Amino acid sequence: METAEFLETLDREGKLLAAAAEAAGTDAEVPTCPGWQVRDLLWHTGTVHRWAAGFVADGHTAPRPLGDPPELDGAELVAWYRDSHRLLVDTLAAAPDDLDCWTFHPAPCPSPLAFWTRRQAHETTVHRYDAEAARGGTPSPVAPGFAMDGIDELLRGFHARSRSRLRSEEPRVLRVRAVATGPEAAADAVWTVRLTAEPPVTVRTADGVAEAELSGPADQLYLALWNRTAVPTATGDPALATLWRERSGI
């Protein structure tokens with residue numbers, strides 16, 4: 001996917017998130033994030049949007065902490081979230097292609113601008129799903145190609161970092177297979193995740209023998225691997241599916 005496509009997705013998903021949060025109300029429980037209410041979801045996502053926009057706007061080349069959430073609630077909090085989302089989208093749209101700023105995981109990406117646009121598109125999509133879960137009703141769809149990209153970012157980005165808890169004292173091999181379900185996704189996408197006592201090493205191939213496989217339609221598997229829904233299909237050693245469920249949280 002191109003950076004412009006990620007930006008369009010980010011724009012759309014943030015608007016859907018705000019609409020779902022407004023419909024649910026800030027007191028509503030978020031079933032996909034135990035212990036959170038919609039206000040927590042808005043505080044978190046809006047703060048992350050402003051944090052990301054700061055790196056892009058100011059060209060920060062070193063990490064810095066998230067800001068504090070606002071002391072707002074109800075309609076004022078929803079409006080603050082909309083402003084945060086708009087700030088992020090406008091900042092990314094105005095940024096130069098040769099932007100230099102800090103990024104935080106090694107998933108393949110052509111530039112810091114592409115990194116932040118992609119990362120925030122996925123951040124917002126997952127939390128949009130959370131807001132819609134709080135609202136109830138049918139959730140908005142996730143495009144298969146975008147879902148495959150998000151699985152790749154999760155496996156080869158987040159779980160390549162030293163802080164990943166997805167480890168095994170005994171070497172294990174897990175396969176992840178996103179099944180193509182529409183014209184946008186012409187072929188299945190397959191990853192092989194090698195687990196050891198160190199951070200996982202993931203390649204986008206199906207080489208070798210895997211002890212278990214997590215699979216399903218790309219959009220469903222995307223949400224499942226972010227622990228929002230159950231994995232559609234798990235075959236092989238069930239201990240590896242349990243390991244993912246218990247230790248893959250970001």
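Structure summary
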{"read-out": "Filter result for Ala147 (surrounded by 20 or more Cβ atoms within 10 Å (Cβ to Cβ), in contact with a Phe, Trp or Tyr (Cβ under 9 Å, 6 or more places away or on another chain), aliphatic (A, V, I, L, M) and assigned to a helix (DSSP H, G or I))", "value": "yes"}
{"read-out": "Lone qualifier among Ala206, Ala230, Ala218 - being without any contact (Cβ under 8 Å) to a residue 12 or more places away in the chain and of a type outside the set (S, T, N, Q)", "value": "Ala230"}
{"read-out": "Selected residue (only one of Ala121, Ala186, Ala180 is crowded, with 23+ Cβ neighbours inside 10 Å and either at negative phi or modelled with pLDDT of 95 or more (or both))", "value": "Ala121"}
{"read-out": "Which listed residue is touching an Asp or Glu at 6+ places or on another chain (Cβ under 7 Å) and hydrophobic (A, V, I, L, M, F, W, C), from Val179, Val193, Val231", "value": "Val179"}
{"read-out": "Failed criterion for Thr61 (all others in (1) at pLDDT 95 or above; (2) within 28 Å of Asn227 (Cβ to Cβ) hold)", "value": "(2)"}
{"read-out": "Scan of the stretch 35-65 for residues that are closer than 18 Å to Asp130 by Cβ and open to solvent by 70 Å² or more (accessible area, probe 1.4 Å), ordered by number", "value": "Gly35, Trp36"}
{"read-out": "Subset of the stretch 190-214 that is among the small types (Gly, Ala, Ser) and open to solvent by 20 Å² or more (accessible area, probe 1.4 Å) - its residue that is farthest from Arg128 (Cα to Cα)", "value": "Gly208"}
{"read-out": "Filtered residue count, the stretch 3-33, keeping only those that are part of a loop (DSSP other than H, G, I, E, B), out of contact with any Leu (no Cβ under 8 Å at 6 or more places or on another chain) and either among the aliphatic types (A, V, I, L, M) or over 20 Å from Gly74 (Cα atoms) (or both)", "value": "2"}
{"read-out": "Subset of the stretch 53-94 [assigned to a loop (DSSP other than H, G, I, E, B) and touching a Lys or Arg at 6+ places or on another chain (Cβ under 8 Å)]", "value": "Gly67, Asp73"}
{"read-out": "Single residue of Leu155, Leu174 found to be open to solvent by less than 40 Å² (accessible area, probe 1.4 Å), more than 30 Å from Ala93 (Cα to Cα) and at pLDDT 95 or above", "value": "Leu174"}
{"read-out": "Residue ID - nearest to Val190 (Cα to Cα), chosen from residues in the stretch 156-174 that are outside any loop (DSSP other than H, G, I, E, B) and of a type outside the set (D, E, K, R)", "value": "Leu174"}
{"read-out": "Residue check, Arg128 open to solvent by 60 Å² or more (accessible area, probe 1.4 Å), touching a residue at least 24 places away in the same chain (Cβ under 8 Å), under 26 Å from Leu223 (Cβ atoms) and of a type in the set (D, E, K, R)", "value": "no"}
{"read-out": "Selection within the stretch 9-34 - over 16 Å from the mean Cα position of the chain (by Cα), surrounded by fewer than 18 Cβ atoms within 10 Å (Cβ to Cβ) and of a type in the set (D, E, K, R)", "value": "Lys15, Asp27, Glu29"}
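For (1) among the basic types (Lys, Arg); (2) more than 24 Å from Ala224 (Cβ to Cβ), each residue gets a yes or a no:
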residue	(1), (2)
Asp27	no, yes
Val30	no, no
Arg39	yes, yes
His44	no, no
Thr47	no, yes
Ala52	no, yes
Val56	no, yes
Pro69	no, yes
Gly74	no, yes
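The values are calculated or read from the model by the stated rules, or taken from the named source; none is laboratory data. Only a predicted model underlies this, so the values are computations on that prediction, with no experimental measurement involved. Note: ideal-geometry Cβ built from the backbone for every residue, glycine included; neighbour counts use all protein chains shown. Heads up: the accessible areas ignore ligands, DNA and RNA and are worked out on the full protein's heavy atoms, side chains in. Shrake-Rupley method; radii C 1.70, N 1.55, O 1.52, S 1.80 Å.
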